[in-house]
Structures are given as structure tokens and as C-alpha cells.
Amino acid sequence: MPKMTTAGAVAAGVVAAGAGARLAAAGRKRRRHESETEAAYRTAAHRVLILGGGFGGLATALELDRRIGGRADTSVLVVDRDNNLLFTPLLWTVADGRAGANNVTVPIRAFQRDRSFHVLHAEVHSIDLDRREVHTSAGSRPYDVLIIALGSVTAVPDLPGLRERALQFATPSDAIELRNHLIDAIEAAHQTDNPAERQEWLTFVVGGGGDTGIELAATIHQYIFQGLLAEYPWLSDAPVRVIVVGRANRLVPMSNVHTSSAVERLLREDGVEVLTGASIDSVTDRAVMTSRGEIPARTLFWAAGISAPPVVRDLPVEHARNGAIVVDSNLRVPDHPEVYVVGDSAWAFDADTGEPVPPTAQAAGHAG
Ligand SMILES: Cc1cc2nc3c(=O)[nH]c(=O)nc-3n(C[C@H](O)[C@H](O)[C@H](O)COP(=O)(O)OP(=O)(O)OC[C@H]3O[C@@H](n4cnc5c(N)ncnc54)[C@H](O)[C@@H]3O)c2cc1C
């Protein structure tokens, strides 16, 4: 059974508890949050604009508040199109029905209590690095210092049938859709007399052998055999297949080989099939075509990689292959010392190992 990962627990600590605990430990007096007008932001001597109120953006805002929160000449503004922080490490609990969407989201406004940073609920449309200005659905905002923390999106390549048919797993509504889809598939299998069709409904392919892919496979397997079994007892003897297809030669390739083999062993012990060193080439409504053959299946979940969101990709700076912005050892954009990037939008390197920093909540929180 998947459990909350250490990474998830650490991430929770970084954002949710971190600054509050330090504030209490330092014995600082609690401040009432006071809203700021747009004019007050514009005329502040130091305007710090944080794009994105996820793990990296909020950790940055909390840390800035701890260090310079009392300064009257400085305004810190966080811009996000949602007003919730999505706690992705627990998204699978929404998929398997043990939690609701509200249990894995925290209002961004809740983080403002006793703190002096401000929040603008708006979509970021574009960033003008030369004019030092950001265009949003609520108008433009100038900045003196910019922190880009806009996260990432699931990268779905333009392969035949993929974008139309693959289901994703990145938001609470994806998680609810996943659960509904599993129920529909089991119902369809229950009703058909055609053995081939039944097998297709009972086969669930997950594209992507990284963290999210293996989490998805484990969640699907668990939901079917623990959540749905009571309502559909015939499932215990049914030929249910959950298959993870990964392009790399091992699962979770950004981890070390020992972790990869432990993950593979645990999944196989649970009954999840693992196909590594294989690519998905196309998908129809009845089959997933891989470089190692066709898998008759009516369901494909896609979790094979992330890319930077369009606003980030569009910036005229150096990008990594996935669109993340290449930053220096201080997380700054070369030639733009007033611009920092944290979290999944940044392509940074670990100072000790020289390896790229993985796109995780804990890394984003740490960067912030
Ligand atoms: C299913 C799943 C499970 C995961 N599990 C784990 C785990 O167990 N442990 C772990 O460490 N990591 C996990 N991760 C990865 C983790 O969620 C990310 O690495 C982390 O969220 C990155 O933080 P961030 O601040 O860069 O981006 P985010 O936390 O995604 O924040 C980005 C923010 O920017 C906002 N935004 C984006 N574009 C715009 C725009 N144009 N205008 C306005 N606002 C915008 C978004 O609304 C969001 O609030 C998981 C990810 C997924 C999808």
C-alpha cells in the first residue's frame, strides 16, 4: 500500500509548519495581516514579485517574511491563478477515495495570517524582463526583484491518439476523474460477455516509470483490489492487469539503482507489471502500442515527464530540454541578477553532486 513518502512529509514541513514554528521559537510578536492596495505596491521602494503560490513560491514568501517582514519600505506580492496550495504528495488519497479534494489543498490566504506578504489572485500571461514588468489578468505589475515559481505541467507528446485519450494525474479533478474512470471500466467489464473486450477493460496502462507513474500504478492497483473488491467480488479471480511502461532501463531513473530495484520488486510483488526500456508509440480506444508490442487496453494514464509552463518557456533566456530556466548557483537567471527561479521551473544543479536538482516539492521548498 503506498504511504505518504518521506519527501512528502518533508515538503509539508517546509511550507506548512516552517515559518510559523520559527516565528514562535523566536518569540516574535504576531502581526495582523493588513491588505495592501495596488498603489501601495507600485510605490514601495522595494517591490518583490513572486509568481506562483505553490511549494517554491510560498516557501520564498514565508522566508522573506521571516527575514524582512517588518520593513515598511518593502512589498512582497505573490501572484497565483488558484487560491490554494495543492499538496501533491497526497493527491493519490483523493484518487483512491480516502480523502476529498479539500483535504489536499490549503488556502494560500491561510499562510498570510500574521505575515505581511500580499496575494494577487490572477493568471500570469507574460513576463517582460527588459521592462521589469509582469502582465496578468488583473493588469500589469512592475518589480525590482522577481521570483519565478510557476511549477510545471505534464508533458504529453504529440503521438497518434495520445493527447485525445491519455488521462493525466496532476490536479484534484484528475484524481476524481481517475477514480470515476476505474469504476466505469470495472462496470463495463462486469457487463460484457465478450472475453477480449472484458480483458481490454480490465487492463490499465500507465505511461511513465518516474515517481508519479509508479505512484499512479500503485494507486490504481490498490483502489481496484481494496476499494472496489467489496462491490465486485469477482475481481479477486479476474485477469486485471496494471502495467507501468517506462522509457528508461529502470524505474525512477533519477533515484539510485538500489531504490529503483526495490521499487520494481515491491510493485511486482503487488502484481503490477513493469515494462522498462520501452516507449509508447501510439494509442487507440482499444490498444496501447509500445516499442515492445501491442497491449490490448482501454485505459492509458500518462505521467511520463513534465515541462515548464508556456509563460516560462516563452522567456528569451537559456532553457533546459524540458523548458525549465537554467539558473546559476544562486538560482538567478544569468544576465538578469534581479530574477530568481525556484522549483520545477528552474534547471539548477546540486552543489555537492553536480546532478540536476529533481523536480520535487521538497527541493522547491528548499530553494524558496
Ligand atoms: C501527482 C503528483 C505527486 C507528487 N508527489 C510528490 C511527492 O510525494 N514528493 C515531492 O517532493 N514532490 C511530489 N510531486 C512534485 C511536486 O508537486 C512539485 O515538484 C512541486 O509542486 C513543485 O513546486 P513549485 O513551487 O515549483 O510548483 P507548484 O507547487 O506546482 O506551484 C506552482 C504554482 O504556480 C501557479 N501557476 C502556474 N502557472 C500560472 C500562471 N500562468 N498564472 C498564475 N499562476 C500560475 C499554480 O497555480 C501553482 O500554485 C508530485 C507531483 C505530482 C503531480
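Quick note: the coordinates plus some simple rules give every number you see, no bench work behind them. Computed from a predicted structure; not experimentally measured. For neighbour counting, all protein chains shown are included, and Cβ atoms are generated from backbone atoms with ideal geometry for every residue, glycine included.
Listing for the model above:
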quantity: Tally of residues being farther than 28 Å from residue 303 by Cβ and among the hydrophobic types (A, V, I, L, M, F, W, C) across the range 128-154; calculated: 5
quantity: Pair list, Cβ under 7 Å, 6 or more apart: the range 35-60 residue among the basic types (Lys, Arg), other residue more than 8 Å from the ligand (Cβ to nearest atom); calculated: 42/142; 47/41; 47/75; 47/142; 47/143; 47/144
quantity: Qualifying positions in the range 63-73 - touching a residue at least 24 places away in the same chain (Cβ under 8 Å), outside any loop (DSSP other than H, G, I, E, B) and surrounded by fewer than 18 Cβ atoms within 10 Å (Cβ to Cβ); calculated: 63, 66
quantity: Count of the range 153-190 residues which are assigned to a helix (DSSP H, G or I) and more than 12 Å from the ligand (Cβ to nearest atom); calculated: 19
quantity: Close pairs (9 angstrom Cβ cut-off, 6 or more residues apart or separate chains): polar (S, T, N, Q) in the range 221-237, crowded, with 19+ Cβ neighbours inside 10 Å and part of a helix (DSSP H, G or I) anywhere; calculated: 222/92
quantity: Answer from 288, 252, 283, 311 - the residue that is more than 30 Å from residue 133 (Cβ to Cβ) and out of contact with any Pro (no Cβ under 9 Å at 6 or more places or on another chain); calculated: 252
quantity: Selection status of residue 199, within 16 Å of the ligand (Cβ to nearest atom) and in contact (Cβ under 8 Å) with a residue 60 or more places away in the chain; calculated: no
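This table checks each residue for (1) more than 20 Å from residue 300 (Cβ to Cβ); (2) of a type in the set (S, T, N, Q); (3) surrounded by fewer than 20 Cβ atoms within 10 Å (Cβ to Cβ).
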| position | (1), (2), (3) |
| --- | --- |
| 217 | no, no, no |
| 223 | no, no, no |
| 236 | yes, yes, yes |
| 248 | no, no, yes |
| 264 | yes, no, no |
